[in-house]
Structures are given as C-alpha cells and as structure tokens.
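Novice: I have a structure here, written as structure tokens, and I will follow up with some questions on it.
The values are calculated or read from the model by the stated rules, or taken from the named source; none is laboratory data. What you are looking at is a predicted structure, and each value in this text was computed from that prediction instead of being measured. Don't worry about glycine lacking a Cβ; one is built from the backbone with ideal geometry, like all the others, and counts go over all protein chains shown.
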Amino acid sequence: MTAEIKKILFIGFGNPSRGDDGLGPAIAERLENENFPGVTVDADYQLTVEDSENAAKHDIVIFADASVNCDEPFSFKPLAARQSESFTSHSVEPAEVIGLAEKLFNSKAKPFMLEIRGYNFEMFEEDLTEKAKKNLEKAWDFLKELLKKQNFNIVACA
C-alpha cells in the first residue's frame with residue numbers, strides 16, 4: 001500500500017530586484033522545474049488575500065521568503081494562523097493568508113514557513129550575494145528531501 005500524495009502549495013515570495021529578497025522566488029523557480037507529484041508552485045513579489053483561496057485547496061502550504069532574522073542558513077517551522085481585523089490590497093503576511101483560508105474557506109491546510117537567510121536587500125541589486133546563494137543551496141537540498149519523504153511532522157533549522 002502506498003501513501004497518499006499530499007496536495008502541497010509552495011509559495012515563494014519576495015522582490016528579485018532587491019538583492020537577497022529574491023530568495024523566495026529563486027527557490028520557487030527551482031522547484032517548478034522539478035515536477036514533484038502533488039506540488040503546485042507559485043511565486044510573486046508579495047502575498048495577497050487571494051492566496052488564501054488557493055491555500056485552502058491544499059493539504060500543506062509552504063511559504064518561502066528571505067529573512068534577515070533567521071539563523072543561517074535557513075529555518076523551517078510550522079506556522080500558526082492569525083486573524084487580522086483589516087487588510088490592505090498590497091501585502092499580507094503568511095499567517096494572515098492561512099487565517100483567511102481557515103475563516104473563509106474552512107481550510108485544514110497545515111502551514112509551514114521556510115526562511116532563507118539573506119544579507120543585502122538594496123534596491124536594483126538583482127543578484128543574490130554569495131552567502132545567500134550558499135544558504136539557498138542548503139535550503140534547496142532540505143526542501144527536495146522533505147518533498148520526497150513528505151514527512152511534515154518535523155521542524156528543522158539547519
């Protein structure tokens with residue numbers, strides 16, 4: 001008997017024109033080229049309220065973003081939903097996306113946050129720093145193994 005493949009949504013977000021802020025879209029692009037069964041990949045500059053509807057259609061949601069605060073090279077942890085009293089049409093945090101998915105669509109998706117350590121977030125710097133590229137490689141190796149095994153009962157900080 002084979003285990004059922006989970007429906008997984010992977011959202012990489014950030015601005016590639018701001019140096020290391022492009023880590024989220026960079027890992028999403030790699031993932032899209034791999035064709036993992038059951039995995040839907042999305043990438044954008046920022047999250048919006050519309051992402052909550054898409055999140056609700058999946059069993060697992062993984063948000064990926066650059067971070068100036070996480071330990072090197074990356075962190076991966078469960079994400080708690082957060083209800084917000086107000087929204088803008090511009091940017092929504094991952095916890096708010098999940099909160100909306102639960103509230104509006106009765107979502108049961110398990111959310112996770114993949115933060116990749118970045119260093120340079122200057123405008124009009126389209127290249128990742130060398131240190132961020134190394135962190136991206138380590139996060140990528142972790143993500144590939146995670147998606148192969150589909151063991152989401154773990155919390156990892158590498």
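Novice: Return the residue satisfying two criteria in turn: it lies in the stretch 107-134 and is touching a helix residue (DSSP H, G or I) at 6+ places or on another chain (Cβ under 7 Å) and of a type in the set (A, V, I, L, M, F, W, C), and of such residues it is surrounded by the most Cβ atoms within 10 Å (Cβ to Cβ).
Specialist: 116
Novice: Starting from residues that are aliphatic (A, V, I, L, M) and at pLDDT 95 or above, keep the ones in the stretch 1-12 and report whichever is surrounded by the fewest Cβ atoms within 10 Å (Cβ to Cβ). I'd like the intermediate steps shown before the answer.
Specialist: Residues of the stretch 1-12 that are aliphatic (A, V, I, L, M), as a first pass: 1, 3, 5, 8-9, 11.
Remaining after also requiring at pLDDT 95 or above: 8-9, 11.
Numbers: 8: 24, 9: 22, 11: 24.
Among them, the one singled out is 9.
Novice: Can you give me the ranges of the strands (runs of 3 or more DSSP E) entirely in the stretch 1-119 with at least 3 residues that are within 16 Å of the chain's Cα centre (by Cα) and within 15 Å of residue 136 (Cβ to Cβ)?
Specialist: Working: elements: 8-13, 39-44, 60-67, 74-78, 110-117.
It comes to 8-13, 60-67, 74-78, 110-117.
Novice: Determine if the stretch 83-100 includes at least one residue that is under 21 Å from residue 38 (Cα atoms), surrounded by fewer than 22 Cβ atoms within 10 Å (Cβ to Cβ) and not β-branched (Val, Ile, Thr).
Specialist: Looking through the stretch 83-100, none of the residues is under 21 Å from residue 38 (Cα atoms), surrounded by fewer than 22 Cβ atoms within 10 Å (Cβ to Cβ) and not β-branched (Val, Ile, Thr).
Novice: Quick one: in the stretch 135-146, which of the residues that are modelled with pLDDT of 95 or more and of a type in the set (A, V, I, L, M) is surrounded by the most Cβ atoms within 10 Å (Cβ to Cβ)?
Specialist: Selected residue: 139.
Novice: Considering only the stretch 13-55, how many residues are in contact (Cβ under 8 Å) with a residue 40 or more places away in the chain and acidic (Asp, Glu)? Give the steps one after another, and end with the answer.
Specialist: Taking the stretch 13-55 as the starting set, the residues that turn out to be in contact (Cβ under 8 Å) with a residue 40 or more places away in the chain are 13-14, 16-24, 26-27, 30-31, 34, 36, 39, 46-49, 51-55.
Now drop any that are not acidic (Asp, Glu), which leaves 20-21, 34, 51, 53.
Total meeting the criteria: 5.
Novice: Still on this structure, I have one more. So if I check each of 109, 81, 66, 95, which one is hydrophobic (A, V, I, L, M, F, W, C) and free of Cβ contacts under 8 Å to residues at least 24 places away in the same chain? Before the answer, list the steps.
Specialist: On the way: 109 fails: free of Cβ contacts under 8 Å to residues at least 24 places away in the same chain; 81 fails: free of Cβ contacts under 8 Å to residues at least 24 places away in the same chain; 66 fails: free of Cβ contacts under 8 Å to residues at least 24 places away in the same chain.
Criteria check complete, one pass: 95.
Novice: Hey, another quick one. Is it the case that the stretch 124-141 has a residue that's on the phi > 0 side of the Ramachandran plot and in a loop (DSSP other than H, G, I, E, B)?
Specialist: Initial filter on the stretch 124-141 (on the phi > 0 side of the Ramachandran plot): 124.
When the remaining residues are screened for being in a loop (DSSP other than H, G, I, E, B), the result is 124.
Yes: the stretch 124-141 contains one or more residues that are on the phi > 0 side of the Ramachandran plot and in a loop (DSSP other than H, G, I, E, B).
Novice: Quick one: residue 15 ticks every box in (1) over 22 Å from residue 151 (Cα atoms); (2) surrounded by 13 or more Cβ atoms within 10 Å (Cβ to Cβ); (3) touching a strand residue (DSSP E or B) at 6+ places or on another chain (Cβ under 8 Å) bar one, so which box is it?
Specialist: (3)
Novice: Separate question: Would you mind stating whether residue 72 is surrounded by 20 or more Cβ atoms within 10 Å (Cβ to Cβ), within 19 Å of residue 21 (Cβ to Cβ), acidic (Asp, Glu) and touching a residue at least 24 places away in the same chain (Cβ under 8 Å)? Spell out how you get there, then give the answer.
Specialist: Values: surrounded by 20 or more Cβ atoms within 10 Å (Cβ to Cβ): no; within 19 Å of residue 21 (Cβ to Cβ): yes; acidic (Asp, Glu): yes; touching a residue at least 24 places away in the same chain (Cβ under 8 Å): yes.
No; evaluated as a whole, the condition is false for this residue.
Novice: Being surrounded by 20 or more Cβ atoms within 10 Å (Cβ to Cβ) and either under 22 Å from residue 131 (Cα atoms) or of a type in the set (Phe, Trp, Tyr) (or both) is the filter here, so list the residues in the stretch 18-42 that pass it.
Specialist: 19, 20, 21, 22, 23, 24, 25, 26, 27, 28, 31
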